[in-house]
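Visitor: Here it is: the structure, laid out below.
The values are calculated or read from the model by the stated rules, or taken from the named source; none is laboratory data. Predicted model only: the values in this text are computed from it and were never measured. Heads up, the Cβs are rebuilt from the backbone with ideal geometry, glycines too, and the neighbour counts pull from every protein chain shown. Areas reflect the complete protein model, heavy atoms only, side chains present, ligands, DNA and RNA absent. Shrake-Rupley method; radii C 1.70, N 1.55, O 1.52, S 1.80 Å.
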Amino acid sequence: MSENGPAWWEDAVVYEVYPRSFADADGNGVGDLPGLRSRLPYLADLGVDAIWVTPFYPSPLVDGGYDVSDYRGVDPLLGTLADFDALVKDGEAHQIRVIVDLVPNHCSSAHPLFQAALAAAPGSRERARFIFRDGRGPGGELPPNNWKSMFGGLAWSRVTETDGQPGQWYLHLFDTGQPDWNWRDPDVPAFFDQVIRFWLDRGAAGLRVDVAHGIFKDPELPDDPDPDHLYSPVNAPSAYHHRPELQQLYRSWRAILDSYPADGFPGARTAVGEVWADTPGTLLPYLESGGLPQVFNFELIVASWDAAGFRHAIDGVLALADGSRAPWVIGNHDVARPVSRYQLDEGFGPQTVRQLVSLGHTRPETGARRARAAALLLLALPGSAYIYQGEELGLPEVADLPAAARQDPRFRRTHGKLLGRDGCRVPLPWTPAGADFGFSETASSAPPWLPQPSGWGAYSVEAQLGDPDSFLSLYRTAMRLRRGHPALGRGTMRWIDGPDEASGLLCFAREPGFVFAANLGRAHAPLPPHREILLASELDAVGSDGSLRPDTAVWLSV
């Protein structure tokens, strides 16, 4: 809370935009900032408070833009700095703030500072900005330790020195084209302080911090006792995750954020850290006073589909802080889409997309019903929530993309063992028909950068706007009710126990006068006492006997 009262981000609904897949204004098959700007009225009508725009910076696109070669520019494929400025200006006219994505763990191997490091000698100032080390074994032919990349394979690559001989190794916890910065070198934090101020000065309302649980590494670079972390769904504390040094850095960034005026638009500046953690308790240091304003919790993504699993996930977070500090999400650009993921009873894991391929389309109705119920849960919890583009349309994971179309380095580096994240990044459909379902605003355009399925138009915005039972109508109604109901947004909640542990009923109250109920079981469950149903996830959610059907949810007034 700021001196001017509650900050806007404490109960905000933020919409994540993956710009390459949102809207294409120039017809080159790639979404761009002008396309996003043209769709601001849609987002305003949806009812969002802010948009988080994933990286739009110049990039070789080794990892979908998260390999940044210029932190203070716009990739020509996506527009110009003037387009960004216009987006911020038009966003303000719609009361929509713009959050930019900060990528501090690594840059692109094409970044000028890394290119200078490659051209410099071992031990030079240029190399000190990154993590270069001599190899082990005869002639240094073995990497400095056993660390593996998050995308598969070794986390080290050996360089050829200027004399043509094999030389040092550099660390890249992701792709070879994404060398890790050395945050123990003073040049690096000073560089990023300038980057942060650059975007805040241009009107950004805040930052989403990529890999916020990484960045610092143990200076001794010890071997990893469990190097096969790639196949684990979460990140436990280690020599490269959740280092204590992070918190001093984030306190310095909070000071920068707080140096900007909180009055007027966009209000207090925020930052939300991407922190994947093994348990909610691992989040605790990130939530200490004076650090990052917010840290994502991903507990609803990894939770199994049952009342006990969801309640455990929610309790674990609320025991640390309310949802204003730890925003809720059910999906993002890194995980399989909820509509498809919820076909499975267990929570998200690294092999989820492969499981969906094996499952085929045998439970699409189950996944859709559950995703609608999860949306009402997301928007009823205390604090702020993030929605990934297309969730409001009920888009499924495109799990059967051909191998030739896949661009995710995770697919390439695991030789197809992990299918990667392309399936949740397929460009949005805006119209029911057309070669690209309205993704491009031009009459003649190149094919979208990822192929859309033949039936994609059925999920389009235009097809859903006139349907009162569509995903889009559900989200729009829920967002309108959330904004107008005094019980929703920031505040507390209390659980309402179901009739028995096996009922599958998940119920909580928000004051004044609001109750959420979801049936995550296999049989009908009785609703708690109420005056009226404000919103139901399905038209048939409540049976003629007043009971709640499986895989549905309701908002109630009491």
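Visitor: Identify the single condition in (1) open to solvent by 10 Å² or more (accessible area, probe 1.4 Å); (2) assigned to a helix (DSSP H, G or I) that VAL62 does not satisfy, given that it satisfies every other one.
Guide: Every listed condition holds for VAL62 apart from (2).
Visitor: Another question, then. Out of the residues in segment 446-475 that are outside any loop (DSSP other than H, G, I, E, B), touching a residue at least 12 places away in the same chain (Cβ under 8 Å) and open to solvent by 30 Å² or more (accessible area, probe 1.4 Å), state the one that is farthest from ARG370 (Cα to Cα).
Guide: GLU462
Visitor: Would you check if VAL17 is more than 16 Å from PHE439 (Cα to Cα) and open to solvent by less than 10 Å² (accessible area, probe 1.4 Å)?
Guide: For VAL17, the condition - more than 16 Å from PHE439 (Cα to Cα) and open to solvent by less than 10 Å² (accessible area, probe 1.4 Å) - is not met.
Visitor: Here is a follow-up. Can you work out which of the residues in segment 157-194 that are acidic (Asp, Glu) and over 24 Å from the mean Cα position of the chain (by Cα) is nearest to GLY206 (Cα to Cα)?
Guide: So, considering only residues that are acidic (Asp, Glu) and over 24 Å from the mean Cα position of the chain (by Cα), the one nearest to GLY206 (Cα to Cα) is ASP187.
Visitor: Evaluate the following for GLY323: is it surrounded by fewer than 19 Cβ atoms within 10 Å (Cβ to Cβ), within 24 Å of ARG490 (Cβ to Cβ) and either under 20 Å from the mean Cα position of the chain (by Cα) or touching a residue at least 12 places away in the same chain (Cβ under 8 Å) (or both)?
Guide: No.
Visitor: Residue under question is TRP495, and the condition is that it be aromatic (Phe, Trp, Tyr), open to solvent by less than 70 Å² (accessible area, probe 1.4 Å), out of contact with any Pro (no Cβ under 7 Å at 6 or more places or on another chain) and on the phi < 0 side of the Ramachandran plot; does it hold?
Guide: When the stated conditions are applied, TRP495 passes them.
Visitor: Separate question: Consider segment 270-281. How many of its residues are assigned to a loop (DSSP other than H, G, I, E, B), in contact (Cβ under 8 Å) with a residue 60 or more places away in the chain and touching a Pro at 6+ places or on another chain (Cβ under 9 Å)?
Guide: 2
Visitor: Given the conditions (1) more than 21 Å from SER537 (Cα to Cα); (2) part of a loop (DSSP other than H, G, I, E, B); (3) of a type in the set (A, V, I, L, M, F, W, C), which single one is not true for VAL353?
Guide: (2)
Visitor: Answer yes or no as to whether PRO432 is surrounded by fewer than 22 Cβ atoms within 10 Å (Cβ to Cβ), in contact (Cβ under 8 Å) with a residue 12 or more places away in the chain and farther than 19 Å from SER470 by Cα.
Guide: no
Visitor: Something else now. Among the numbered conditions (1) small (Gly, Ala, Ser); (2) open to solvent by less than 20 Å² (accessible area, probe 1.4 Å); (3) not in a strand (DSSP E or B), tell me where GLY167 comes up short.
Guide: Exception for GLY167: condition (3).
Visitor: So, one more: If you check PRO144 against the conditions, is it more than 27 Å from ILE196 (Cβ to Cβ) and over 26 Å from the mean Cα position of the chain (by Cα)?
Guide: So PRO144 passes the test.
Visitor: Within 15 Å of ASP306 (Cβ to Cβ) and either open to solvent by 10 Å² or more (accessible area, probe 1.4 Å) or among the aliphatic types (A, V, I, L, M) (or both): which single residue out of ALA541, ALA487, ALA536, ALA518 fits that description?
Guide: Of the residues listed, the single one that is within 15 Å of ASP306 (Cβ to Cβ) and either open to solvent by 10 Å² or more (accessible area, probe 1.4 Å) or among the aliphatic types (A, V, I, L, M) (or both) is ALA518.
Visitor: Go through segment 246-269 and give me each residue that's open to solvent by less than 50 Å² (accessible area, probe 1.4 Å) and part of a loop (DSSP other than H, G, I, E, B).
Guide: TYR260, ALA262, PRO266, GLY267, ALA268, ARG269
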